[in-house]
Amino acid sequence: MFTIQILHNGEIVEGRFEDLSQRHATVWLAAQDPTSLELQAVANHVGSTVDELSELLQVNQRPVLQDIGQFTAVVFHAPEIWNQKLTLKPHLFLASKEQKDLISVCRGTSVAVEKITSFPARRRLELFQKGSTSLLFAILSEIMAHSFEVLDFLNEEIGRLEERVFEPRLSSSVMKRIFQIKKELIYLQRALTSDREVISEIEKAYGAFLDAKQLSRFRLLHSDATQLIELTTTYRDILISAVEVHLSAISNNLNVVMKKLTAWAAIILVPSLIAGIYGMNFQVLPLATHPTGFWLMVGLMFVSVVSLYSYFKRNDWI
């Protein structure tokens, strides 16, 4: 689906695809989940092919910066939460200072693009007046801002998981969730590192068709990316610690169980020993023929049980 906005007579109005060929106004074409025909139209306009653009939109495509025709192409990964899972959605931006165009392409909807579209008219007007590079900076900035929101969500998930790691009978679903978030953080850190490299290349003016006057602003995005990478590392360390704490809780619980089993086994051992001796098939046993011998043995068993139970209870084995 195409959404075209154009700066016309000091206002942001809805434009047409033909407006991209004009040179007198800034035009932003937002292609969200474009059809093959729409992608073909974009490829024809920038002087590329559908296959090349489709390859840049692949999920496994690393963020890159390269020049295509009269446009500088920027591939950037945007993290989003979908059904409680982290997804990394590649965004393709084609910016041209000379043609005053910015084309943003992504599979599905883009949170950052929707956010820029919902800006107040005055704020959007300021972005359009500064040109396509300014619009590119605004969208990348919103992607970085949304990345912080994604990490806040993961932080809350980690907090809920931390409350349960001390439970020895932790369900397998919780452990699966811990390892899932850890894996997502690894992928997120890898994507953020690549995004930071692209930002660094933009800042160094490697894009031939970007406005050099606007490039210094991208230093802020570089700092944001660095902070996000550090946060992902911190959250990964927290998850690793949570797993270690859970394993320690299991080990401690096992030690407690073994102590209790040992104590009860010792308590049962003495009466069993006495009963076993007097159950042997011998004619002569101490007190075997005594009138109160049976009760004396029962009393001895009872005393041994009480004594051992008191001992283990005093030493916190039971």
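Who wins for biggest fluctuation among GLU55, GLU162, GLU203 in a Gaussian network model of the chain, springs between alpha carbons below 10 Å?
So, out of GLU55, GLU162, GLU203, the one fluctuating most is GLU55.
Where does helix 218-278 land angle-wise versus the long Cα axis of the chain, in degrees 0 to 90, nearest 10?
With rounding to tens, the tilt is 10 degrees.
Tell me, what are the semi-axes, in whole angstrom and largest first, of the equivalent ellipsoid of region 60-194 as set by the roots of 5 times the Cα gyration tensor eigenvalues?
37, 16, 10
With every protein chain present, what is the per residue accessible area of region 36-165 (1.4 Å probe, Å²)?
Working: 5710 Å² over 130 residues.
On a per-residue basis, region 36-165 sits at 44 Å².
Can you compute the helix-only [θ] at 222 nm over the chain? Use -39500 (n - 2.57) per DSSP H run of at least 4 residues, normalise by all residues, nearest 500 deg cm²/dmol.
It lands at -20000 deg cm²/dmol.
Angle check, please: helix 293-314 long axis (alpha carbons) against the longest principal axis of the chain (alpha carbons), in degrees 0 to 90, nearest 10.
That works out to roughly 30 degrees.
Take the residue pairs LYS100/LYS130; LYS89/LYS176; LYS115/LYS183; LYS97/LYS213 and return only those whose Cα atoms are more than 18 Å apart. Kindly include the intermediate steps, with their values, before the conclusion.
Values: LYS100/LYS130 10 Å; LYS89/LYS176 23 Å; LYS115/LYS183 28 Å; LYS97/LYS213 11 Å.
With Cα atoms farther than 18 Å apart: LYS89/LYS176; LYS115/LYS183.
Any idea what angle helix 172-203 forms with the longest principal axis of the chain, computed on alpha-carbon atoms, 0 to 90 degrees, nearest 10?
That works out to roughly 30 degrees.
Out of PHE218, SER173, ALA205, whose Cα points farthest toward the positive end of the dipole of region 173-223 (charges: +1 Lys, Arg; -1 Asp, Glu; placed on Cβ)?
So the residue furthest toward the plus end is SER173.
Within the accessible area of region 196-246, what % is carbon and sulfur when the probe is 1.4 Å and the other protein chains stay in place?
Exposed carbon and sulfur together represent 50 percent of the surface.
Mind telling me which of ILE199, ILE116, ILE103 comes out most flexible in a GNM of the chain, alpha-carbon contacts under 10 Å?
Looking only at ILE199, ILE116, ILE103, the largest GNM fluctuation is found for ILE116.
Highest GNM mean-square fluctuation, the chain, Cα pairs closer than 10 Å: which of LEU151, LEU53, LEU308?
Among LEU151, LEU53, LEU308, the largest mean-square fluctuation in the Gaussian network model of the chain belongs to LEU308.
Roughly what percent of Cα-Cα pairs across the chain reach past 27 Å?
59 percent
Diagonalise the Cα gyration tensor of region 186-318 and give the resulting equivalent ellipsoid semi-axes, square root of 5 times each eigenvalue, largest first, whole Å.
Working from the Cα gyration tensor, I get semi-axes of 80, 12, 5 Å.
Return the lysines within reach of LYS260: Cα separation strictly under 17 angstrom, same-chain partners fewer than 8 residues apart disregarded; answer none if there are no such residues.
LYS313
Can you send over the carbon and sulfur percentage of the accessible area for region 1-127, probe radius 1.4 Å, protein chains only? Mind dumping the intermediate values first?
On the way: 3110 of 6190 Å².
C and S atoms contribute 50 percent here.
The values are calculated or read from the model by the stated rules, or taken from the named source; none is laboratory data. Predicted model, so just to flag it, every value in this text is computed and none were measured. Don't worry about glycine lacking a Cβ; one is built from the backbone with ideal geometry, like all the others, and counts go over all protein chains shown. To get the accessible areas, we keep the full protein, side chains included, count just its heavy atoms, and leave off ligands, DNA and RNA. Shrake-Rupley method; radii C 1.70, N 1.55, O 1.52, S 1.80 Å.
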